[in-house]
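Everything on this sheet refers to the single structure shown next.
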Amino acid sequence: MALGEDELTGLADRRNFLAVLRRQVVFANDRRNVLALIVMDVDGFSRINATHGFDFGDQVLRHLAVLLKGVGRPGDHTARIGGDRFALLLPRVLNSGHAELAVQKLQRLLDVPFQVGEHQVRLAATVGVALCPQHATHPDYLLRLAEKALVSARAAGINCAVSPDGGETLDLAEFWDIEIELDGALNRGELAMHYQPQVRVGDLVPVGVEALMRWTSRTRGAVKPDVFIPIAERSGLIKKLTIWALNTALRQASQWEHPFGEFTVAVNLPPALVAQHDLPDLVENAMKLWGREGIVLVLEITERSLMDSRHSFDILSRLRALGARVSIDDFGTGYSCLAYFKDIPADELKVDRSFVSGLLTDTASVHVSSLIIDLAHRFGLAVVAEGIEDEPTLTALRALGCDTAQGYLFGRPLPSDDLQKWLDGAALAHQGL
Ligand code: C2E
Ligand code: CA
Ligand code: CA
């Protein structure tokens, strides 16, 4: 058996495959090609083992290795990356259709019943696909996305799923260009944090801010976070940006002067980071460096982060033990986590802007918002509504029992200096506090 080879099938093993994947991502980057990663699981493999015995199971795995090699072109890479999980890496594809053709070919080969001795089985497999750079430009994220697509295909009862697109319609060249520029943006001082005020619904006293990142590129001007954050997430740059955001937000917040007592600073945490073990250390370092009495760090996570719930719950609990609060952002828009809602280690829930903006016109939005607020309160969570642009919406949210409000009605995201001026104005308005 060669080093890095799977003993049973002769394909590359997971470790070896990850090394190949890293290299191929670099090539794709350099040559601006598209790379497709296909991962495949055998359906009901444990049942096959249980019914026909492990020897037969082994034969099935060997058979699949042969099929997979048959699907690949010269220059493609095949591997066994888990018990019954295989991977096929296709460099230089045109688009996801190209990868789906390979999947179809594989499914056709699987349709032929597999026979060993008197045993015959019809094999089926579920497949997940992710593309670099469209879905991820970081090898580990690319593999995670393909595996996630596989899990969602299985949940949906279909045999193949492609990782969902980020939604932006940038062409490939544009995508790579933005990524390269963003990589240097921090060093060139093109990034800034802005702060949007949050007020208590009862008396409109400021209680904190949400920190939002801004990028003014020297060549493109202002680039929206909706464009550059997903690119940062897919390239792995997001970690560096988030560490910077945490430190900058805590540092600037420690300089603000106001009479409002305890003040929260909310920083957005991308899903990829919530799963990382060193996150609590990163947060603790930032808190040690810049923390100040009366400033409370809030970490905004999305429902997406909770998909791998046990693992992320553990990390969130550690963050709370450090004194940070956890807020669930964009609530109601993602994967519903109602089933384990009561167990989520969180302090606060943010009602998504899409519900808030429909409050005056759409009864469904009223019902959803009202449900979310009741549910949150029942589990001891505070509720923040975001995207409030007018008085009638504020009144409606007050009637529903919402605790905190954020939106253009109170203030737009502002640079640190301007936020201080905003706080000065608010202090005058609330004199006597
Ligand atoms: P988000 O976390 O949901 O942030 C709230 C967004 O709503 C912000 O958009 C804010 O400017 C906007 N907003 C606030 N009040 C109103 C309002 O009354 N009306 C309207 N129409 N919009 C309002 P922004 O700053 O463009 O950020 C967009 C998204 O980008 C954020 O959504 C967040 O997902 C992401 N993002 C921004 N900064 C960061 C960051 O530092 N780290 C990470 N990971 N993501 C960030
Ligand atoms: Ca947020
Ligand atoms: Ca939000």
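The values are calculated or read from the model by the stated rules, or taken from the named source; none is laboratory data. Only a predicted model underlies this, so the values are computations on that prediction, with no experimental measurement involved. In this analysis, Cβ positions are derived from the backbone assuming ideal geometry, glycine residues included, and neighbour counts consider all displayed protein chains.
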**Prompt:** Is it true that residue 272 is within 16 Å of ligand 3 (Cβ to nearest atom) and touching a helix residue (DSSP H, G or I) at 6+ places or on another chain (Cβ under 7 Å)?
**Reply:** no
**Fill in**
Within the stretch 172-193, of all residues that are of a type outside the set (D, E, K, R) and surrounded by 18 or more Cβ atoms within 10 Å (Cβ to Cβ), the one nearest to ligand 1 (Cβ to nearest atom) is 193
**Fill in**
From the option list 396, 364, single residue qualifying as among the hydrophobic types (A, V, I, L, M, F, W, C), farther than 30 Å from residue 310 by Cβ and at pLDDT below 85 is 364
**Item:** Criterion (surrounded by 14 or more Cβ atoms within 10 Å (Cβ to Cβ), assigned by TED's automatic domain parsing to the domain that holds residue 93 and of a type outside the set (Val, Ile, Thr)) met by exactly one of 212, 143
**Value:** 143
**Message:** Quick check on residue 381: is it modelled with pLDDT of 90 or more, more than 13 Å from residue 331 (Cβ to Cβ) and under 27 Å from the mean Cα position of the chain (by Cα)?
**Reply:** no
**Fill in**
Scanning the stretch 389-416 residue by residue, the ones that are hydroxyl-bearing (Ser, Thr, Tyr) and surrounded by 14 or more Cβ atoms within 10 Å (Cβ to Cβ) total 3
**Asked** Pick from 67, 8, 18, 37: which is assigned by TED's automatic domain parsing to the domain that holds residue 128 and touching a strand residue (DSSP E or B) at 6+ places or on another chain (Cβ under 8 Å)?
**Response** 37
**Request:** Would you mind finding the one in 9, 51 that is hydroxyl-bearing (Ser, Thr, Tyr) and buried (at least 21 other Cβ atoms within 10 Å of the Cβ)?
**Result:** 9
